[in-house]
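The values are calculated or read from the model by the stated rules, or taken from the named source; none is laboratory data. All of these numbers come straight from a predicted model, not from anything done at the bench. Here the Cβ is made from the backbone with ideal geometry for all residues, glycine too, and neighbour counts use every protein chain on show. When the accessible area is computed, the model is the full protein with side chains, heavy atoms only, and any ligands, DNA or RNA have been set aside. Shrake-Rupley method; radii C 1.70, N 1.55, O 1.52, S 1.80 Å.
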Amino acid sequence: MDLHLLPALHPVTAEIALQSVHVVKPEPAVTVEHLVKRYGALAAVDDVSFSIREGEVFGIIGPNGAGKTTTVECISGLRVPDSGLVRVYGLSPQNDRDRIREFVGVQLQESTLPPRLKVGEAVRLFGSFYLDPLDPSELLETLGLDRLANSVFKSLSGGQRQRLSIALALVGNPRIAILDELTTGLDPEARRETWAFIARMRDRGVTVVLVTHFMDEAETLCDRLALINHGRVVALDTPEAIAAQAGGSKVRFIPSQPVDDETLCGIPGVNEIERKERYVTITGTGDLAGSLINALAAIGVRMSDVEARRGNLEDAFIKLTSQDRSSAQDRVRT
Amino acid sequence: MTSSDPAGARGQRSRHQFIELLKVQTKLALREPYGALMGIAFPAILLAVFGFIGHENPGNVGDTGLTIVDLWIPTILVIAIIAISISLPNTLVRDREIGWLRRVSTTPLHPSRLLAAQLISDLVIAAVAVLIVMFGGALVFGASLHVQILPFGVSLLLSIAEIFALGLVLVALTPSQTIASAVAGMLFFVLMFLSGLWVQPAQVGEPLRTIMYYSPSGAATRALLDSTFSGSPSYPALVTMAIYTLIFGFVATRYFRWE
């Protein structure tokens, strides 16, 4: 039973439905199960499963050609999966495409407008496609496009085009916004502004699906992430958890007297040791710096020039995708 | 979805959509006047050229009892329609190539409405072209038109339907704007020849005359000529056009791609 759509369309039926169902489990906004999409012999998406909760910002990250765009295109109904199941509020993007298009706003990666269409005309036109659109002039103002309302598309800069593309995705007041390569081509200031805008959308309760290859963007904006590589989900968790999973903490220091590898390896959390001139660099997990300082102080070694860096998403990304690559190569060899 | 009457709201929205779309389409057509320039300027020039030729060579052409301007006006009308139709890929293939049609397909607007708006704006251009050629021919060059409204209207509408459908076939089958332009250029000359621009079907021998009569543009010229001067429409020409319209319409819709 489609509980999310019912209150809006048939209040009475929805009430009855709610009374008869005692425990209402929040239904995911988007469900993807065992999704497979092939182009010829190549499986662009190979058994991808995840679900997106209502109101969260869900990031899909991964290297170029990992299958990110194909995955979201299956959600928005632009592509038909070869197998697997995709549901958007319980609806099928293929069979119920007309209904889904009403409340899913899409930003496409490589799509431009007719060169002489003006910014204001485009936003008003798209607004007219929907039943309950946002006010076009307010939206233009929020995205800093109000001064460009009378500019034709071909005269816009890359960043302005990108913001217009976001405006077109949002003017229909969607419940789900699918944004593909949101900030590619934007300057740092415009990126920050766009991020702030996405955060405001989330606060209004819009579910956002964000495809990106910028790790800082994923870390800042996303509640949860799916890391996709070679068409498979490699990690599915919060950005913090994925960063921790890769265990990329690093501590670099100069010991007051030489310490051998054996001693260092005995310290909890230490995984790798690197030496360069007088510097020792330790990679490991947990509170690495803390345990190093304590353990070395106990044997009378002082650390100087200490530089500690916590593992971030980028480290995790590189680690997880390269692991995957080497295991893929192994599969090829055997 | 906030409306208490979704069906009524949808109907209202549907009209609102289409009006907005037509407004935008008209503005774009004025900013990118491929169709308007080709469809209006070109026949106007042709009319002037044949007007002056007729002025230099007054009187009958062959034994038809018609002047040169009389005889060529239907051809010029058909060429105006061809010129507009041939410029369809300039917008539609381009819009597909840049991902605009695909973008629109993710909204509740059905892309077929985009197509309909494009065709309506081209239909308006065609109507303007027809008026200029008819009235220009009669008022400026003294063409003696005895138009019979019903047969002429039917012939004109079928000509537009058939030749626009041919333009949509071009849109459906050409992968890029560059290829579309090349094919459109060649097709334009073939269709102009068959419509009798260089030599009228009445002036040539068999089998060329039959080929011209039963070609898409030749049939249009013949139907218009007959309904303008002989008073009774040429049924074979009308049937020929109807068949072409069906075939072109089928191919254009069967192979049309939004992306």
request  = Kindly list the number of the only condition in (1) farther than 26 Å from B:V93 by Cα; (2) surrounded by fewer than 23 Cβ atoms within 10 Å (Cβ to Cβ) that fails for A:G172.
outcome  = (2)
task = Exactly one condition in (1) more than 30 Å from B:G11 (Cβ to Cβ); (2) not in a helix (DSSP H, G or I) is not met by B:T107; state its number.
result = (1)
Among the residues listed as A:R147, A:R87, A:R101, the single one being touching a residue at least 24 places away in the same chain (Cβ under 8 Å) and open to solvent by 30 Å² or more (accessible area, probe 1.4 Å) = A:R87
request  = Among residues belonging to region A:30-48 that are out of contact with any Ser or Thr (no Cβ under 7 Å at 6 or more places or on another chain) and surrounded by 15 or more Cβ atoms within 10 Å (Cβ to Cβ), point out the one that is farthest from A:V233 (Cα to Cα).
outcome  = A:R38
task = Quick one: B:A161 ticks every box in (1) farther than 30 Å from B:R15 by Cα; (2) assigned to a helix (DSSP H, G or I) except a single one, so which number is it?
result = (1)
remark   = Within region A:106-116, residues being in contact (Cβ under 8 Å) with a residue 60 or more places away in the chain and facing chain B (nearest Cβ under 8 Å) number 2
Unique match (being within 22 Å of B:F50 (Cβ to Cβ) and either touching a residue at least 40 places away in the same chain (Cβ under 8 Å) or not polar (S, T, N, Q) (or both)) among B:G218, B:G185, B:G205, B:G249 = B:G218
request  = Six or more apart or on different chains, Cβ under 9 Å: which pairs go from a residue in region B:21-48 that's within 9 Å of another protein chain (Cβ to nearest Cβ) and open to solvent by less than 30 Å² (accessible area, probe 1.4 Å) to one that's assigned to a helix (DSSP H, G or I) and hydrophobic (A, V, I, L, M, F, W, C)? Could you list them?
outcome  = B:L21/A:L125; B:L21/B:L114; B:L21/B:A116; B:L21/B:A117; B:V24/A:A122; B:V24/A:L125; B:V24/B:A117
inquiry  = Could you list, ordered by first residue, the pairs with Cβ atoms under 7 Å in which the first is in region B:87-105 and closer than 18 Å to A:E102 by Cα and more than 7 Å from chain A (Cβ to nearest Cβ) and the second is of a type outside the set (K, R) and open to solvent by 10 Å² or more (accessible area, probe 1.4 Å), at least 6 apart or interchain?
reply    = B:L101/B:D95; B:L101/B:L114; B:L101/B:W258; B:L101/B:E259; B:V104/B:L114; B:S105/B:W258
key: Of all residues in region B:122-162 being polar (S, T, N, Q) and open to solvent by 20 Å² or more (accessible area, probe 1.4 Å), the one that is modelled with the lowest pLDDT   = B:S144
query = Is one or more of the residues making up region B:138-146 of a type in the set (F, W, Y) and part of a helix (DSSP H, G or I)?
reply = no
request  = Restricting attention to region A:124-140, report how many residues are in a loop (DSSP other than H, G, I, E, B) and either more than 7 Å from chain B (Cβ to nearest Cβ) or open to solvent by 20 Å² or more (accessible area, probe 1.4 Å) (or both).
outcome  = 5
ask   = Going by the conditions given, is A:P188 open to solvent by 20 Å² or more (accessible area, probe 1.4 Å), more than 21 Å from A:S76 (Cβ to Cβ) and within 14 Å of another protein chain (Cβ to nearest Cβ)?
value = no
remark   = Of (1) among the polar types (S, T, N, Q); (2) at pLDDT 85 or above; (3) open to solvent by less than 10 Å² (accessible area, probe 1.4 Å), A:Q257 satisfies every one except (3)
query = Counting only residues that are basic (K, R) and assigned to a helix (DSSP H, G or I), which one in region A:199-245 is surrounded by the fewest Cβ atoms within 10 Å (Cβ to Cβ)?
reply = A:R200
query = Of the residues A:E110, A:E102, A:E121, A:E73, which single one is acidic (D, E), in contact with a Phe, Trp or Tyr (Cβ under 8 Å, 6 or more places away or on another chain), under 30 Å from B:T91 (Cβ atoms) and outside any strand (DSSP E or B)?
reply = A:E102
request  = Go through A:E219, A:E193, A:E240, A:E189 for me and flag whichever is in contact (Cβ under 8 Å) with a residue 60 or more places away in the chain and not aliphatic (A, V, I, L, M).
outcome  = A:E219
ask   = Does region A:77-109 hold any residues that are over 16 Å from the mean Cα position of the chain (by Cα) and of a type in the set (S, T, N, Q), and which are they?
value = A:S83, A:S92, A:Q94, A:N95
